[in-house]
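Values in this text are rule-based calculations from the coordinates and carry no lab data. In this text the structure is predicted, and so the values were computed from the model without any measurement. Positions of Cβ are generated from backbone atoms using ideal geometry, with glycine treated the same way; all protein chains shown enter the neighbour counts.
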């Protein structure tokens, strides 16, 4: 696992360039996809095509082989990297080639074909300018689409000036590009073999689709007489028409381009004549197009992924980079930290697990916090956070023997109950995963628990044993929980318009009790009969630690507690958006469909519920008036993935608040993530992006409002002014409106 | 109020900063002239129903002439209005080379070959490729990269793309039959250095 010192070093040297570029791509994605009227429909089509293609993959590969061979090309399906490289080396040797020109291909990075060819004395030239920068610098890609994204213009200029000592030092991007083009152009003209990847390959025609912008892939193919295409076996799609949604989605989803400069549709043998630029006698039309074509399809673990129900979705990935660019953590650290041997970003956990193994995925998997901002960004709808959760669970079970003896009793989880042969999560993960136990103990012994927890001795022990960063404030437990407070109250609504059960989530019940009281008062003011029964915690905490069995146990007990109220005609209202999102999304993975459907269909985030009440005729006058109060609102990441933040904004504006919203993907706190010693600084760096938006000229005087517990913790940590939950703004009778 | 494919194409090319010229066949030579750098090479424009015979363009150049050329003139098999894309076939006459190894590419497109969007384009690709095994480049704006720290137009391919649309008197009704043969292409390009991932 990458530790705090390594992450600090990477952020310091690469963070700024990575941040500027990925945030630019991410903004571009929003703008470009908004210009596509049938965006959602194309995503659905793309997903359907991939599901079908992976389902039928063996048959499609057979069809593709027949097609390409009947066109005079060859297809080689390589079991692994060595097998692929052996074949490529043979082709290059048979051609007698001394130079191979390459266009960018992540799959060729995966098999490390350059090393294999160079060992044979073959000169391999990367022609993509970003890849070439890395070849000169001897560095690895930090991003699957823009490989040198971590290098600034200045750093590239320094590199070229030092390595090539040009007559005039290079400085601008134009100068650097011209230099690289001229230098590479001569090398490509002399290459005998061109090696490309492929974004997609159609089984019906044997057509390779290459999505590029520089023109180097075109020259790699048109300027050589032997083409080797290296591609993962999952790149095969049934037909040419199937390319359409991908061509419309891939650039928009990745770098925010409606389309890249070139989409090459190559159906070998390519008819373009082969040329020797020294030839000053033969017209182009009289030259031959005598070309060889080899397609090397790489398995390297993919067919086994296809048989793994949890990893299979990874094979739908079209390598667009949306999950990297939309990730708050990736934006801070880049692919050198948030990546494995070859792939980077959220989906890399799936790729690296399937190709390299759990150990490689374990190096970076914890950088996915499950914020879900990549889920809607993914053009093929892969549940990337779930893949990360599953892999984390497998990692927990594969190396958990440490500490087990220490946590018996303190951590009443289901990890290890389910399978006796497996391991269990390390202590820090179990602590955060079982936070319910801690919170119950905390409230029962408050304020003593808060006072003890804040002592230097206790913080040092937490740091050492549990990995809790001493720079973070700990939650302060309330002696009286929300459930206890409510039990002592008399009902205030005689003739209710609706009946609701308010779910006492862990944080509202034990820590942020005031927002819970405000929610009760707001609902009652709108004519809702409310109950707040005891209920288990949601399972969000264990799920975030990859403790799926424990989370499932929570999910079952939560539905046991809530569904009887649903059957009794009550609707479930949830304050904590991460728990509401859990009911909506992840419980689908944990519960029988019928129970999940009933819970989901009847659950509402509290401001969503308020919005619904107002839309159905409840009088907004019962709520506090905004009177133009200027607020800065940060919607919770998982809430925004479900589209729920819009209700909060709508309700606040309806009550006369002047609302400005953040547009960062995530506050960076993400439950336990920001508490962990190894990740504290990454968390704060991500949080600073949000803090900066709320300390700008137009926002610095605004009341800070956020929906999620984590977001509120992070904002309180980083801002001088206090933050609160939106329902507290609407609570006319709150004695402590300014304190959460 | 819905725009015709040609109007949409002109608008898309405008937002790509690709100059576009609309001309009847008889005005082609004059329309092309301002877009030619020197030396200029080209391939036959039969597919667009016009000829380079009356221009300063060297038709069917040698590789050495191509390498020395500033401007390359080719046809575009068809164009995709929504994106401002021109389809360049990898034909035996060297169309792709002429569109690629030059500083400026001028694509000549018959206005009847302007398709509205990618759905129509890929329907046509499907028919054509299954029938003839065609290879082609969907080119949108000039070649470009952002790998050197800022967006630069002109990476390995042309830095400058122009489109000449040949419009006939019948208002540019779509050409009957289609889906069969080639034409030539143009290209163009937008921004950052994506690529095969």
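Couple of notes before you dig in:
- Taking a ≥ b ≥ c as the square roots of the Cα gyration tensor eigenvalues, segment A:269-369 comes out prolate, since a/c reaches at least 1.5 and a/b is larger than b/c.
- Ranking of A:528, A:263 by neighbouring Cβ atoms within 10 Å, starting from the fewest: A:528, A:263.
- In terms of Cα atoms, the Rg and Dmax of chain A work out to 28.3, 100 Å.
- Most mobile listed residue (B:54, B:14, B:117) in chain B, GNM with C-alpha springs under 10 Å: B:54
- Normalised by the number of residues in chain A, the average gap of Cα pairs under 8 Å and 6 or more apart makes the relative contact order 12 percent.
- Taking only the Cα atoms of segment A:471-550, the radius of gyration and Dmax are 14.8, 50 Å.
- Over chain A: helical MRE at 222 nm, DSSP H runs n ≥ 4 each giving -39500 (n - 2.57), nearest 500: -13500 deg cm²/dmol
- Cβ crowding within 10 Å ranks A:609, A:633 as A:633, A:609, fewest other Cβ atoms first.
- Structural size metrics of segment A:343-390, computed from C-alpha coordinates, are Rg and Dmax of 10.0, 28 Å.
- In segment A:482-730, Cα pairs under 8 Å separated by at least six residues give a relative contact order of 18 percent.
- Most mobile of B:100, B:32, B:134 in a GNM of chain B (Cα contacts under 10 Å): B:134
- Shape class for segment A:482-730: oblate, because the ratio a/c of the largest to smallest gyration tensor axis (alpha-carbon atoms, square roots of eigenvalues) is 1.5 or more and b/c is at least a/b.
- Estimated from the Cβ-Cβ distance and a Förster radius of 56 angstrom, the FRET efficiency linking residue B:29 and residue A:168 is about 0.85.
- Distance cut-off 13 Å, percentage of C-alpha pairs in segment A:141-205 lying past it: 74 percent
- Here A:83, B:46 are placed in order of increasing Cβ neighbour count within 10 Å, fewest first, which gives B:46, A:83.
- Inter-centroid distance (Cα atoms) of segment A:259-276 relative to segment A:557-572, Å: 61 Å
- Average partner coverage of A:192-205, which counts Cβ from other chains inside 10 Å: 2
- Summary value for segment B:5-166: 28 percent relative contact order, contacts being C-alpha pairs under 8 angstrom separated by 6+ residues.
- Peptide A:214-226, shielding by other chains (average Cβ, 10 Å cutoff): 6
- Placing a label point 7 Å from the Cα of residue A:5 along the Cα-to-Cβ direction, the residues of segment A:664-689 whose backbone N falls under 18 Å of that point are A:677-682.
- Overall, the anisotropy analysis places segment B:5-166 in the rounded class: the square-rooted eigenvalues a ≥ b ≥ c of its C-alpha gyration tensor yield a/c less than 1.5.
- Centroid-to-centroid separation of segment A:459-517 and segment A:342-371 [C-alpha atoms, Å]: 34 Å
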